[in-house]
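The values are calculated or read from the model by the stated rules, or taken from the named source; none is laboratory data. These numbers were taken from a predicted model, which means no experiment stands behind them. Note that each Cβ is placed from the backbone with ideal geometry, even for glycine, and that neighbours are counted across all protein chains shown.
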Amino acid sequence: MEMTEMHVRPDLPTISFVGLPPGAEPGFNQNVLSHGTSGVLEEYEIVTPSGIPLRVYRQPSDSKSAILTYHDIGTNHTSFFGFFSYPEMRVISQHFTIYHVCAPGHHEGEEPLIPNSAADAETALLPADQMPAAASGRHRGSTGSGSFSVFGRQSVYQNVAEESTSPTSQINQYPTMDELAEMLTSVVDYFKLKCFVGFGMGAGSNVLARFALHHPEKVSALFLINPNGTTHGYYEWFRNRWSDLPSLQRGIFTDNLLDQLEAHWFGFGCCQNEDLVAFYNQLARSLNPVNLAGYIDAYINRTDLGLVRSPDPPGVVKQRESEAGPDAAGPPTEIKVDCCLVTGSLAQDLSRALADLNGRMNPRTTQFLLVPDCNGFLMEEDPDKLALDFFHFLRNVGFLIMMTPEKLRKEAAALQKATAEVAHQYLPSSAFKVEQEA
């Protein structure tokens, strides 16, 4: 029997990257794809004031409301695609424009941001007159995409950067967590976002929390999965030593490092889904090891968020702040936006970190959720529960007010049925057969 290959394009949030149109001149302030293309990710590269390129993947929509995601260590922006393709999340996403921020050097095919030798450092640096303008967006085909800043943290890496008169070349280490958070300012300014809903995972939750701590006017709300607001303490250090991090910086990906990543992802819980573990192991191995080591090192050397729960009523706190004035105010000690802290009940270490962070947050603007029978990968382990919780949180902070849970389920079921019908039209198989209602 002869089999014919057919290319099916059902009504799904298809991920496809398109290069520059024929004859297009490479330059800055251009996006790869058109804004009106639905079901396609628009890929942007934004160069921050420090000279560090940052990739952002945008799912366009007609809504001006925005959701900004930030991923965990050992993953990249693609870790959110499966969850945001879930039927309920597809309905929710129709009311938002989604911005998936990729940590520096974590997108597919990226070169090391940190050269392995002083000779590599010299070739990686460009003259000052060729450096891209700060906070400018550029497409993937830009001639400046081959320039990378030199990084390296003293606790793990050797400083291989040589002195130079170029401001960008003075950067000789992978960004810290505070610097990663501040880089989001360039994303907000480039896309002209008034505010956004932050959706973070693990280390990405820490980055978004730091940004909201210093820029509360730019954040509508935070939905943080597996958050941690403290430093990498002695207990966490001896529990998970990251002993193979120097080897990873040299490009050697060991099995021991994978075990350490799994312990971080699952909170030392035991995941029964071998396919899930294999998928994320493969995703981690696909990343550039030098850049992955930089993000891991930034996370384990993170500083405390410095949050303090005030025992005074909100009126007293506001009066004290107004009397002190903006000049007398010290470092912020409170995240002044609505937050939802989420983790799995089976992840003991993650639950402990969440409880500590929740105890330092404002109880009037913070809620927490322990998803039963789940470890750290909630987006894959129980997407139905997580999507519904995210929906209720959005309603609590003023979004999707006209949509009820019943309407959400109805629209999700209709969308899923329509997708199955399209798939069945091209692939007449029992796997895609739509059940007829009695």
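Per-residue answers, yes or no, for (1) closer than 24 Å to residue 356 by Cα; (2) at pLDDT 95 or above; (3) outside any loop (DSSP other than H, G, I, E, B):
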| site | (1), (2), (3) |
| --- | --- |
| 376 | yes, no, no |
| 393 | yes, yes, yes |
| 398 | no, no, no |
| 408 | no, no, yes |
| 414 | no, no, yes |
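Listed here are the residues, each with its yes/no results for (1) among the charged types (D, E, K, R); (2) free of Cβ contacts under 8 Å to residues at least 40 places away in the same chain; (3) in contact with a Ser or Thr (Cβ under 8 Å, 6 or more places away or on another chain).
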site: 181; (1), (2), (3): no, yes, no
site: 201; (1), (2), (3): no, no, yes
site: 206; (1), (2), (3): no, no, no
site: 212; (1), (2), (3): no, no, no
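Which one is nearest to residue 223 (Cα to Cα), of the residues in segment 346-365 that are free of Cβ contacts under 8 Å to residues at least 24 places away in the same chain and not basic (Lys, Arg)? I'd like the intermediate steps shown before the answer.
Applying the first criterion (free of Cβ contacts under 8 Å to residues at least 24 places away in the same chain) to segment 346-365 yields 352, 355, 358.
Among the residues that remain, those that are also not basic (Lys, Arg) are: 355, 358.
Values: 355: 15, 358: 13 Å.
Among those that are free of Cβ contacts under 8 Å to residues at least 24 places away in the same chain and not basic (Lys, Arg), it is 358.
Please report, ordered by residue number, the helices (runs of 4 or more DSSP H) entirely within segment 160-275 with at least 3 residues that are at pLDDT 75 or above and out of contact with any Leu (no Cβ under 9 Å at 6 or more places or on another chain).
Ranges flagged: 177-191, 255-266.
Across segment 363-396, which residue is farthest from the chain's Cα centre (by Cα) among those that are crowded, with 18+ Cβ neighbours inside 10 Å and more than 30 Å from residue 277 (Cβ to Cβ)?
Looking at residues that are crowded, with 18+ Cβ neighbours inside 10 Å and more than 30 Å from residue 277 (Cβ to Cβ), I get 366.
So which residues in segment 418-438 are surrounded by fewer than 13 Cβ atoms within 10 Å (Cβ to Cβ) and modelled with pLDDT of 70 or more?
Of everything in segment 418-438, just one residue is surrounded by fewer than 13 Cβ atoms within 10 Å (Cβ to Cβ) and modelled with pLDDT of 70 or more, namely 425.
Are any of the residues in segment 307-316 of a type outside the set (S, T, N, Q), within 23 Å of residue 227 (Cα to Cα), modelled with pLDDT of 90 or more and surrounded by 13 or more Cβ atoms within 10 Å (Cβ to Cβ)?
Looking for residues that are of a type outside the set (S, T, N, Q), within 23 Å of residue 227 (Cα to Cα), modelled with pLDDT of 90 or more and surrounded by 13 or more Cβ atoms within 10 Å (Cβ to Cβ), one finds at least one in segment 307-316, hence yes.
Tell me yes or no: at least one residue of segment 76-96 is polar (S, T, N, Q), in a strand (DSSP E or B) and in contact (Cβ under 8 Å) with a residue 40 or more places away in the chain. It would help to see each step written out before you state the result.
If we filter segment 76-96 for residues that are polar (S, T, N, Q), which is where we start, we get 76, 78-79, 85, 93-94.
Checking which are in a strand (DSSP E or B) leaves us with none.
Among the residues of segment 76-96, not one is polar (S, T, N, Q), in a strand (DSSP E or B) and in contact (Cβ under 8 Å) with a residue 40 or more places away in the chain, which makes the answer no.
Any residue in segment 392-412 that is closer than 9 Å to residue 91 by Cβ sitting within a Cβ distance under 9 Å of a residue that is in a loop (DSSP other than H, G, I, E, B) and among the polar types (S, T, N, Q)? List the pairs, counting only those 6 or more apart or interchain.
Listed pairs, sorted by first residue: 411/94.
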